[in-house]
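The values are calculated or read from the model by the stated rules, or taken from the named source; none is laboratory data. Everything numeric here is computed off the predicted structure, so don't read it as measured data. Counting neighbours? That spans all protein chains shown, and the Cβs are built from the backbone with ideal geometry, glycine included. Ligands, DNA and RNA are excluded from the accessible area calculation, which covers all protein heavy atoms including side chains. Shrake-Rupley method; radii C 1.70, N 1.55, O 1.52, S 1.80 Å.
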Amino acid sequence: MSIKENLNKIKNTLPPHVKLIAVSKFHPIEAISEAYSAPHLVFGENKVQEMKEKYELLPKDIEWHMIGHLQSNKVKYIIPFVHLIHSIDSEKLLTEVQKQAQKLNKKVNVLLQFFIADEETKYGLNIEEAIEISKNYLEGKYPNIEFCGVMGMASFSKDESKIRSEFKNLKKYFLFLKENYFKNNSFKEISMGMSSDYKIAIEEGSTIIRVGSSIFGIRNY
Ligand SMILES: *Cc1c(COP(=O)(O)O)cnc(C)c1O
């Protein structure tokens, strides 16, 4: 099937409150252009350099989502155009986003990424670190940050009940933070679910899914 057909097939099954991010990392401009003409205007990338190059070459009404681990020294390259940073995994990184956003006198949308899997290789905050950030937010440390919710990646596993319980944990963290610290309307997103597990994620309350290979095919690293 074509990229367009893959996209439309997935979109047709999604509840209206779930947003689809087409994860275009490692795929060329032509692949994104085909998706764009579907039409689909929301894309995710995990590397700063690649996202910036694609941003410069493609139509400016595209929404770009940073979903990969972000190094503090590269933040400044994406702040001018990024729509949402999903991958805030340390207070140090958040402090840098605040600094760069302030320079441009704008507000930047972010999600707090939680570590919910049992694999050592995945990045993310634990609840104590997230609470620390949230308290600092309430004290006014982040005037240029819009906290929009949480993000997480489940373990790479065939065990559906394990994946489901990890998504349940993320939802629990979301509700806890919303109830205690982020009572505003903008804190409303739970970014969870990829090609292999987005259906489970939606059942567990996902509002944003990040799907790559089911749309664009396998990636050549
Ligand atoms: C690559 C990636 C995805 C998409 O993965 P697929 O299995 O291709 O759907 C989603 N989220 C993150 C953070 C990724 O890095």
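In segment 99-133, what GluC sites (Glu not before Pro) fall in a loop by DSSP, with at most 14 other Cβ atoms inside 10 Å?
Hits after loop and neighbour filter: Glu119, Glu120.
Between their Cα atoms, which of Lys19/Lys178; Lys103/Lys171; Lys99/Lys162; Lys52/Lys188; Lys99/Lys158 are more than 31 Å away from each other?
Lys103/Lys171; Lys99/Lys162; Lys99/Lys158
Quick test of the membrane-span-like rule: which DSSP H helices of the chain reach at least 27 Å along their long axis (C-alpha atoms) with mean Kyte hydropathy at least -1.0?
Values: long enough: 160-180 (30 Å, -0.96).
Span-like helices, by this rule, are 160-180.
What number, rounded to the nearest 500 deg cm²/dmol, is the helix-based mean residue ellipticity at 222 nm of the chain, given -39500 (n - 2.57) per DSSP H run of at least four residues and division by all its residues?
Helices in the chain give a 222 nm mean residue ellipticity of -12000 deg cm²/dmol.
Using a probe of 1.4 angstrom, how much of the accessible area of the chain is carbon and sulfur, in percent?
Whole-percent figure for carbon plus sulfur exposure: 52.
Any idea what log10 I(q)/I(0) is at q = 0.14, 0.16 Å⁻¹ for the chain, Debye with uniform C-alpha scatterers and no solvent?
The computed values of log10 I(q)/I(0) come out as -0.86, -1.13.
Beta carbons within 10 angstrom, averaged per residue: use that to sort the peptides 10-21, 201-212, highest first.
Averaged packing, sorted descending, gives the order 201-212, 10-21.
Which of the chymotrypsin sites (Phe, Trp or Tyr not before Pro) found in segment 100-148 are loop residues per DSSP with 16 or fewer other Cβ atoms within 10 Å of their Cβ?
Tyr123
Of Lys11/Lys199; Lys4/Lys122; Lys107/Lys199; Lys92/Lys168, which pairs sit farther than 20 Å apart, going by alpha carbon to alpha carbon?
Lys4/Lys122; Lys107/Lys199; Lys92/Lys168
State the dimensionless ratio Rg/Rh of segment 120-218 (Rg: radius of gyration of Cα atoms; Rh: Kirkwood radius).
Using Cα coordinates only, the ratio equals 1.01.
Leaving out ligands and nucleic acids, note down the accessible area per residue over segment 14-126 with a 1.4 angstrom probe, in whole Å².
Accessible area per residue, segment 14-126: 45 Å².
Work out the length of the dipole vector of the chain about its Cα centre, built from +1 on the beta-carbon of each Lys and Arg and -1 on the beta-carbon of each Asp and Glu, and round it to the nearest 20 debye.
440
Out of Ala117, Ala38, Ala130, any idea which swings most in a Gaussian network model of the chain, alpha carbons joined below 10 Å?
Maximum fluctuation in the GNM of the chain, among the listed residues, is at Ala38.
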